[in-house]
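To keep things clear, I will list the structure first and then write my remarks on it.
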Amino acid sequence: MIKENFEPIIGLEIHVELKTKSKMFCGCNADWFGKVPNTLCCPVCLALPGTLPFPNRIAVEWCVMLGLALNCDIPVFSKFDRKNYFYPDLPKGYQISQYDKPFAINGSLETNTNQPINKLTNQQIRKKIRIRRVHMEEDTGKLLHATIDGAKCTLIDFNRSGMPLVEIVTEPDIRSSEEARIFLKKLHQIIRYIGISDADMEKGSMRLEPNISVRKFSRNKNQSPNKLKLPNYKVEVKNINSFNFAKKAIDFELDRHISILEKGEVPAQETRGWDEKKGITYTQRTKEEAHDYRYFPEPDIPPIRWTKPQISKLKAQICELPDKKIKRFIKDYKISEYDATILTDELETADYYENSIKYQVSSKKYKGITPKIIANWIINKKTDITKVTPEKLVNLISQKQQIVQMDDKELEAIIQKVLKANPKAVADFKSGKQQALMFLVGQVMREAKGKAEAEETKRFLSKMLN
Ligand code: ZN
Ligand code: MN
């Protein structure tokens, strides 16, 4: 629990590996996961002298599309830069990245929060998290620490080096670990919707780096939270590979900072690692400043200039995103926000749902099946959408629900017959005995031999009796 007078200040950096066919600056196969080490490399991604990078057009376009999906501005002018540092997994001695002219800036993403539901409007409180930038860079190789013939050593696999990597940086607008988790899940969902990455946390194709600090909380409502001064320190936790670990690491850090602040001290500005077994963070190194990286423009790649039609074309390629889809589902299919949220969680499920409705409408055989009933089946009966086709599902619903297969005239005829045969029950009903209605419904259903549906029969009967 966060003590009353302290306020968490959290920003996020997220790295996402794109699922392009080839790598970022060479023609190597990008499907590196699980392959024999150092088999998907060439002179370019191994950084042999004399090689030149050649940017992957699709990767650049996908980076811009993600920026657009996150409501960013796309500056007309953009360029690549070299970020210099020495580490064995970086063969060039620098990473090609973007410094002062990223592909996308000044965006935002609106998310639900864990704030209590607003009772008046019955709506969950939403919050806008500002996106500072979305830029393009390349991934590094992978280090593997092993013991060979009793000697400890580090092995390097360069299959991953030069993979297209997008970095998303938020403003420090997040105020709790749960808000961070909700934001990350939504970002993950959007990335998968637009189809630029599987964002598979276990394969490391989405890696999370929260930066965390704590300030004394001010309850002055007139002051915009964004105008308040940020703390004079920041701790970054590196390379977290699950939403829950991100939440735990943030909570661990918040507690640690508060206990230091309560002693009148300031936590050290540093980069920390996350130990998932112990559930703690640990010091890795003191935080670098930008000047430590000696950024300078990449001389081997010309700057990029976008035209307006190019940007519009990319915008048009973005599919309907979850927020919009939820609203449309509620309006068109008369389902609850809760159901619409579950059905749109994954694009595959949303498409499956709509294909089922399309089939139901076009086949004309399944009149009683509403979009609401189909939604219930997918959500509550946990239909395996990879095994049951939409056609099969609609069929199954019709069988199980014994939807009225007979037309209205047929039902009407049976009711007439039952009413004639049971004058006493009819008289009882007319004198106010509700039980008589249920008796008549039973009689009609028996006569219809399972082809009538109870609610429908009851509705018809009451109409004819009145
Ligand atoms: Zn290569
Ligand atoms: Mn980066």
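Applying the condition of being within 15 Å of ligand 1 (Cβ to nearest atom) and among the aromatic types (Phe, Trp, Tyr) to the range 13-63 and asking which residue is nearest to Ile304 (Cα to Cα) yields Phe54.
Would it be correct to say that Thr111 is among the hydroxyl-bearing types (Ser, Thr, Tyr), in a loop (DSSP other than H, G, I, E, B) and more than 16 Å from ligand 2 (Cβ to nearest atom)?
Considered against the rule, which asks whether it is among the hydroxyl-bearing types (Ser, Thr, Tyr), in a loop (DSSP other than H, G, I, E, B) and more than 16 Å from ligand 2 (Cβ to nearest atom), Thr111 comes out as no.
Just one residue in the set Asn226, Asn241, Asn211, Asn222 is under 18 Å from Ser177 (Cβ atoms), modelled with pLDDT under 95 and either touching a Lys or Arg at 6+ places or on another chain (Cβ under 7 Å) or loosely packed, with under 14 Cβ neighbours inside 10 Å (or both); that residue is Asn241. Restricting attention to the range 343-361, which residues are farther than 19 Å from Asp198 by Cα and surrounded by fewer than 15 Cβ atoms within 10 Å (Cβ to Cβ)? Hits for the range 343-361 are Lys358, Val361. The residue pairs whose first member lies in the range 260-279 and is open to solvent by less than 60 Å² (accessible area, probe 1.4 Å), whose second member is small (Gly, Ala, Ser), and whose beta carbons are closer than 7 Å, counting only pairs six or more residues apart or on different chains, are Trp274/Ala249. If you go through the range 82-102 and keep only what is over 19 Å from Phe54 (Cα atoms) and within 16 Å of ligand 1 (Cβ to nearest atom), you end up with just Asp89.
Residues of the range 360-387 that are over 19 Å from Glu453 (Cβ atoms) and not in a helix (DSSP H, G or I): Lys382, Thr383, Asp384, Ile385, Thr386, Lys387. Screening Pro49, Pro91, Pro43 for residues that are more than 16 Å from ligand 2 (Cβ to nearest atom), touching a residue at least 60 places away in the same chain (Cβ under 8 Å) and not hydrophobic (A, V, I, L, M, F, W, C) leaves exactly one candidate, Pro91. Please work out if Ala180 is surrounded by fewer than 19 Cβ atoms within 10 Å (Cβ to Cβ), more than 16 Å from ligand 2 (Cβ to nearest atom) and more than 21 Å from Leu347 (Cα to Cα). When the stated conditions are applied, Ala180 does not pass them.
Looking across the range 284-301 at every residue that is touching a residue at least 60 places away in the same chain (Cβ under 8 Å) and over 30 Å from Glu236 (Cα atoms), the one that is surrounded by the most Cβ atoms within 10 Å (Cβ to Cβ) is identified as Ile301. Residues in the range 53-68 that are out of contact with any strand residue (DSSP E or B) (no Cβ under 9 Å at 6 or more places or on another chain), open to solvent by less than 40 Å² (accessible area, probe 1.4 Å) and either of a type in the set (A, V, I, L, M, F, W, C) or not assigned by TED's automatic domain parsing to the domain that holds Pro91 (or both): Met65 alone. Could you say whether any residue in the range 311-319 is farther than 27 Å from Ile58 by Cβ and surrounded by 13 or more Cβ atoms within 10 Å (Cβ to Cβ)? No, because not a single residue in the range 311-319 is farther than 27 Å from Ile58 by Cβ and surrounded by 13 or more Cβ atoms within 10 Å (Cβ to Cβ).
The values are calculated or read from the model by the stated rules, or taken from the named source; none is laboratory data. Worth saying up front: this structure is predicted, and the values here are computed from it rather than measured. Counting neighbours? That spans all protein chains shown, and the Cβs are built from the backbone with ideal geometry, glycine included. With ligands, DNA and RNA removed, areas are computed over all heavy atoms of the protein, side chains included. Shrake-Rupley method; radii C 1.70, N 1.55, O 1.52, S 1.80 Å.
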